[in-house]
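Please treat every number below as a calculation from the coordinates, not as lab data. Small disclaimer: the values here were computed from a predicted structure and weren't measured. Because the Cβ atoms are built from the backbone with ideal geometry, glycine has one as well, and the counts that use them run over all protein chains shown.
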Amino acid sequence: MAALEVRMVQAIRKVLVANRGEIAVRVMRACREMGIATVAVYSDVDRAALHVLAADEACRLGPAAASESYLRGDLILEAARVTGADAIHPGYGFLSENADFADACAAAGVVFIGPPGEAMRTLGSKTKARQAADRAGMPRVPGSVTGLGSVEEAVRVAGEIGYPVMLKAAAGGGGKGMRAVGSAGEMGSAFLGASSEAERSFGSGEVYLEKLIERPRHIEIQLMADAHGSCVYLGERECSVQRRHQKVIEEAPSAVVEPPLRQAMGEAAVRLALSAGYVNAGTVEFLVDEARNFYFLEMNTRLQVEHPVTEMVTGLDLVKMQIRVAQGETLAVRQEEIAIRGHAIECRIYAEDPENNFFPSPGLITALRQPGGPGIREDCAVYAGWRVPLEYDPMLSKLVAYGETREVAIERMLGALSEYFVGGIRTNVGLFRRILMDEGFRTAAIDTGYLERLLAEASVVEETEVSDDLAAVVCALFAVRLAPEGESVPEAVSAWAVAGRREGLRA
Ligand code: MV4
């Protein structure tokens, strides 16, 4: 047998993708390259969705509500049985971090392409994860590693670590049940507020305390572990550009992470994963303070939205690696073979209205022009004529730009954004231009408060500079033709619509 042994426990032949949108299409592309058949599942509003068209077979789950479709583990396992799928890829969101669903798959003899349920349970609890971090010798934010029994206990612990502190939900995530506390006098109401919000959101009111890290960066390490005790780290992603705990731009590598810091964070993340019996793709989140100390925050036990920037700078296909690991293969790359080359930036394009507090703006896409060219990748699952449903996350597309340097990646992204045109609905495309042109972003002077500070500044409304762009005119033509009779073309395209109408009259 060769030195690099590849054990295969069970070759996967057909994968059911228990998700929708761009991530479902992304997983199906990996399957196609591997000669694996695919099964889509869909809700009633997704009958004509791109992920359904991309699959070899498709099964209806139920009505649009996620609770009646994409969250119905029982129906999804039944679809796997009926179609003979031998594995399920959960994507992100929905059932991806549901330990009981992972266990139910195993019980049904279906491979769950993700970590074992038990590892998910350990890392899903913040307090248990902090204990695991201690066992793994991983630096974490100072504070408690068990739930707090009372306001008095919270005041005592806060006195030991020093104010300001942060109360967090043990079962939480995404900023819910979180309260900053500046002094002992504020603890009583903050404790009750955090605890009741945690109870409402997660069904558990357990809260714990951390020292507050000021102006932190959010940097995360990508991991991949096989079922034979090997785990590698695939560098970091900088995710500090976010608004209300929703990431907006991610990049790899981080401008502040030099090789020694990358190695220290990576090796700590690997120790945590191995000590928790982790298998498959995972991400360890850190806060990095102004002195570049790093602190463990939490572990995400799924493939993440922003995985493409890691793929671009490592040249690895994370979804294929997930599938190989899930069928029992050993990792085919060693740590010393993994190199970070160049720079990648991802913009999350949402159907939302920047002029109306980023309120979701689903609806019919009347025209769509997608960018291309060297170093541009788009992971997307919408098309002209598709109606973006209001029942799900309104992310339309992940636009990724790669370049030899961060500067080249930024310039390519700006070019791609200028080529991008979505007709019929509002999008946040214009926001990215503002960020990418901003001095603070360009010098990578970013932390988790960066975007909210930028948005608080008065913005000079930019003029659209595409009137001479033939492609935009062609798009406008389609927009005019697709607009129902008597209904005016949406204002956002009016400059183009005028030009398009002129062209249309000439034809
Ligand atoms: C913190 C913090 C400062 N100090 N913990 C927000 C979501 C949750 N997963 C962790 N969060 C934070 N925890 C300590 N001890 C600041 C944040 C935080 C944040 C973290 C990551 C990305 C964006 C953020 C935005 C605001 C606050």
**Report entry** Kirkwood hydrodynamic radius over Cα pairs of region 83-145, then Stokes diffusion coefficient at 10 °C and 1.306 mPa s, in µm²/s
**Finding:** 121
Query raised in the report: What pairs from Lys126/Lys247; Lys126/Lys211; Lys211/Lys247 go past 18 Å between their alpha carbons?
Result: Lys126/Lys247; Lys211/Lys247
Query - Å³ per residue enclosed by the Cα convex hull of region 1-81 - result: 105
Query raised in the report: Under a plain spin-label model, where a point goes 7 Å from the Cα along Cα-to-Cβ, how far apart in nm are Thr405 and Ala106?
Result: 4.9
Query raised in the report: Rounded to the nearest 20 Debye, what is the dipole magnitude of the chain about its Cα centre when Lys and Arg each give +1 and Asp and Glu each give -1 at the C-beta?
Result: 700
Query - Local electrostatic count at Arg60 - Lys and Arg +1, Asp and Glu -1, tallied over other residues with Cβ under 10 Å - result: -1
Query raised in the report: Mind listing the Cα extents of region 230-283 along all three principal axes, in Å, largest one first?
Result: 34, 24, 13
Query raised in the report: Using only Cα atoms, what is the ratio of the radius of gyration of the chain to 2.2 N^0.38 Å?
Result: 1.00
Report task. Give me the Kirkwood hydrodynamic radius of region 147-246, using the inverse of the mean 1/r over all pairs of distinct Cα atoms, in Å to one decimal. Result -> 15.2
Query raised in the report: With a ≥ b ≥ c the root eigenvalues of the C-alpha gyration tensor of region 36-97, is it rounded (a/c under 1.5), prolate (a/b larger than b/c) or oblate?
Result: rounded
Query raised in the report: Which whole-Hz couplings ³J(HN,Hα) result when phi for each residue of region 354-367 is put into the Karplus expression 6.51 cos²θ - 1.76 cosθ + 1.60, θ = phi - 60°, listed in order with x for Gly and Pro?
Result: x, 7, 10, 6, 6, 5, x, 10, x, x, 7, 7, 8, 8
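Counting other Cβ atoms within 10 Å, keep those with at most 16, restrict to DSSP loop, and tell me which GluC sites (Glu not before Pro) in region 191-263 are left.
Sites meeting the loop and neighbour criteria: Glu214.
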Report task. Could you work out how far the C-alpha centroid of region 173-229 sits from that of region 18-63, in angstrom? Result -> 35
Query raised in the report: Can you run phi through the Karplus equation (6.51, -1.76, 1.60; θ = phi - 60°) for region 43-52 and list ³J(HN,Hα) in whole Hz, with x for Gly and Pro?
Result: 9, 4, 7, 9, 4, 9, 6, 4, 5, 6
Query - region 167-219: equivalent-ellipsoid semi-axes (sqrt of 5 x gyration tensor eigenvalues, Cα, Å) - result: 18, 16, 7
Requested in this report: Using a Förster distance of 30 angstrom, determine the FRET efficiency expected from the C-beta separation of Gln10 and Leu53, and round it to 0.05.
Outcome: 0.55
Query raised in the report: Per 5 Å bin from zero, what fraction in whole % of the C-alpha pairs of region 243-339 is there, up to the bin with the longest pair?
Result: 2, 10, 19, 27, 23, 13, 5, 1, 0
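I need the trypsin sites (Lys or Arg not before Pro) found in region 1-103, filtered to DSSP loop residues with at most 16 other beta carbons within 10 Å of theirs.
On the way: sites: Arg7, Arg13, Lys14, Arg20, Arg26, Arg29, Arg32, Arg47, Arg60, Arg72, Arg81; in loops: Arg7, Arg13, Arg20, Arg47, Arg72.
Those that pass, being in a loop and sparsely packed, are Arg7, Arg13, Arg47.
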Query raised in the report: Which trypsin sites (Lys or Arg not before Pro) does region 188-288 hold that lie in a coil by DSSP with at most 16 other beta carbons within 10 Å?
Result: Arg244
Query raised in the report: Relative to the Cα centre, what is the charge dipole magnitude of region 192-327, using +1 at the beta carbon of each Lys and Arg, -1 at the beta carbon of each Asp and Glu, and rounding to the nearest 20 debye?
Result: 180
Report summary line: Interchain or sequence-distant (5+) residues whose placed amide H lies within less than 5 Å of the amide H of Gln304 are none
Requested in this report: Using only the alpha carbon atoms of region 64-173, find the Kirkwood hydrodynamic radius as the inverse mean reciprocal pair distance, in angstroms to one decimal.
Outcome: 16.6
